[in-house]
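What follows is a single structure, written as structure tokens, with notes after it.
The values are calculated or read from the model by the stated rules, or taken from the named source; none is laboratory data. Everything numeric in this text was worked out from a predicted model, so none of it was measured. Cβ coordinates were reconstructed from backbone atoms using ideal geometry, including for glycine residues, and neighbour counts include every protein chain displayed.
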Amino acid sequence: MPGRVLRFPSRPALSDEHRAAARRLFETPFAERHAKTSLRMDDPETLLSFCALLGEQLYTSPSRARDEAEFLYRHLQKPERKIGLFDELDYFLGELALIAGTACRQISRREEGRVWFDRAELAFRNTANAAADLSRLAYQRLALRLEERHLDVVLELAPSVARGLEELGMPEESLKCRFLEGIALAESGRLEEAVALFESVGRAAEELRSDRLLSLAYGNLTHYNGMLGNSDEAILWSRKAIPLLKKLEDRVGLAKIRWGLANLLRETGRIPAAIEAYRAAQREFADLQMRADVAALHLVMADLLLESGEERDATREIVAALPVIDELQMVPEGTAALSLLRESVRQQRINRQALRDLHGYFDEVKRASSS
């Protein structure tokens with residue numbers, strides 16, 4: 001495979017044979033892989049298929065995707081393997097590091113994600129297609145900045161990164177940057193602008209025939225119309241999003257849609273149904289090992305339970321969330337609110353404003369969908 005992975009913006013079609021080889025590798029326990037030469041872990045086409053498989057896992061099991069990417073990264077790195085004829089080894093090291101970093105971002109292991117992104121950069125700089133690969137990395141780093149609520153940075157840089165990807169012949173990657181821009185607009189209180197942007201993104205995704213991006217656009221239109229009080233519009237978009245997400249087996253996207261629909265139930269006064277919907281979404285996130293989202297939903301439900309006069313149950317939800325928030329350093333800008341809330345729990349009299357301030361720091365970013 002002399003450079004086929006690297007020399008073209010679009011990757012070659014993957015054969016059924018190599019897809020099957022990637023699946024066999026994926027299904028073999030880590031401890032048994034090195035002993036089975038038939039798994040072809042050094043074959044470029046199998047590696048390419050395996051990276052594509054891990055890309056799909058980011059939407060169904062990000063924690064598994066991270067572990068798989070690290071295993072193969074270490075395999076290729078030590079001892080350094082001979083892969084292909086040109087810069088294929090550096091490409092695959094970069095690609096696996098990028099997948100691992102993206103998965104870490106999704107499960108809120110941000111510091112680890114930064115290290116993986118640094119590894120990806122070091123490897124990609126040695127490839128012939130460095131400009132395109134580094135631009136994809138720039139997108140993931142920008143997505144991380146969004147989750148850390150550096151909204152001004154995202155609004156400033158996303159259009160430039162999008163243009164660079166478009167010029168490199170990567171329209172889908174370019175469109176992903178508009179997702180970041182739209183979420184940052186919504187987080188900045190510019191909801192109507194965000195809705196208009198995602199309607200435009202949806203039309204562009206249709207033209208690209210990208211079900212993945214189309215489903216994410218529909219999901220965000222569900223959330224933001226709900227936040228604007230446009231219940232009918234939100235339900236309409238959710239009915240478009242859910243079949244696509246199911247078709248794609250996108251468990252992350254489905255959990256976020258369920259979160260958004262739970263908010264609609266709450267806003268229309270259907271409190272018991274809203275609580276059950278929040279818990280269903282929370283179970284989905286727990287299965288996906290997305291602990292930050294689980295913690296966020298603990299706080300959302302605590303606020304709802306306080307509204308219903310159930311302070312003891314609300315306290316339990318907060319107590320469950322606080323250790324995860326501390327461990328993952330989820331809200332660096334919300335330290336004051338976190339301290340107030342912790343003290344109010346200790347005094348057995350919840351500070352509701354501190355609770356709302358705290359979950360407001362990450363609630364909307366977590367419910368919105370980027371890729």
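Of all residues in the stretch 201-218, those that are without any contact (Cβ under 8 Å) to a residue 12 or more places away in the chain and either outside any helix (DSSP H, G or I) or among the hydroxyl-bearing types (Ser, Thr, Tyr) (or both) total 1.
Within the stretch 219-264, the set of residues being of a type in the set (S, T, N, Q) and not in a helix (DSSP H, G or I) comprises Asn230 only.
Screening the candidates Ser63, Ser49, Ser108 for the property of being farther than 19 Å from Met170 by Cβ and touching a His at 6+ places or on another chain (Cβ under 6 Å) yields one hit, Ser49.
Residues in the stretch 151-190 that are assigned to a loop (DSSP other than H, G, I, E, B) and either among the hydrophobic types (A, V, I, L, M, F, W, C) or closer than 27 Å to Glu233 by Cα (or both): Leu168, Met170, Ser188, Gly189, Arg190. Being of a type in the set (Asp, Glu), part of a helix (DSSP H, G or I) and out of contact with any Asp or Glu (no Cβ under 6 Å at 6 or more places or on another chain) is a description that applies to Glu193.
Got a sec? Which of Val161, Val154 is hydrophobic (A, V, I, L, M, F, W, C), without any contact (Cβ under 8 Å) to a residue 40 or more places away in the chain and within 30 Å of Leu358 (Cβ to Cβ)? It is Val154. Of all residues assigned to the stretch 145-163, none qualifies as being under 23 Å from Ser63 (Cα atoms), surrounded by fewer than 22 Cβ atoms within 10 Å (Cβ to Cβ) and either modelled with pLDDT of 95 or more or touching a Gly at 6+ places or on another chain (Cβ under 8 Å) (or both). Does Leu47 qualify as being farther than 30 Å from Ala295 by Cα, touching a residue at least 40 places away in the same chain (Cβ under 8 Å) and in contact with a Phe, Trp or Tyr (Cβ under 7 Å, 6 or more places away or on another chain)? Considered against the rule, which asks whether it is farther than 30 Å from Ala295 by Cα, touching a residue at least 40 places away in the same chain (Cβ under 8 Å) and in contact with a Phe, Trp or Tyr (Cβ under 7 Å, 6 or more places away or on another chain), Leu47 comes out as yes. Checking each residue in the stretch 205-226 for being buried (at least 20 other Cβ atoms within 10 Å of the Cβ) and of a type in the set (Ser, Thr, Tyr) picks out Ser215, Tyr218, Thr222, Tyr224.
Being modelled with pLDDT of 95 or more and on the phi < 0 side of the Ramachandran plot holds for only one residue in Glu193, Glu233, Glu267, Glu173, and it is Glu193. A single member of Ser231, Ser238 is of a type in the set (S, T, N, Q) and within 21 Å of Thr60 (Cβ to Cβ), and it is Ser238. Out of all the residues in the stretch 136-155, which are β-branched (Val, Ile, Thr) and under 11 Å from Arg110 (Cα atoms)? If the condition is that a residue be β-branched (Val, Ile, Thr) and under 11 Å from Arg110 (Cα atoms), then no residue fits.
Out of all the residues in the stretch 300-310, is one or more modelled with pLDDT under 90, surrounded by 15 or more Cβ atoms within 10 Å (Cβ to Cβ) and not in a helix (DSSP H, G or I)? Yes: one or more hits.
Any idea which residue in the stretch 329-362 is modelled with the lowest pLDDT, counting only those that are surrounded by fewer than 17 Cβ atoms within 10 Å (Cβ to Cβ), within 22 Å of the chain's Cα centre (by Cα) and assigned to a helix (DSSP H, G or I)? My answer is Glu333.
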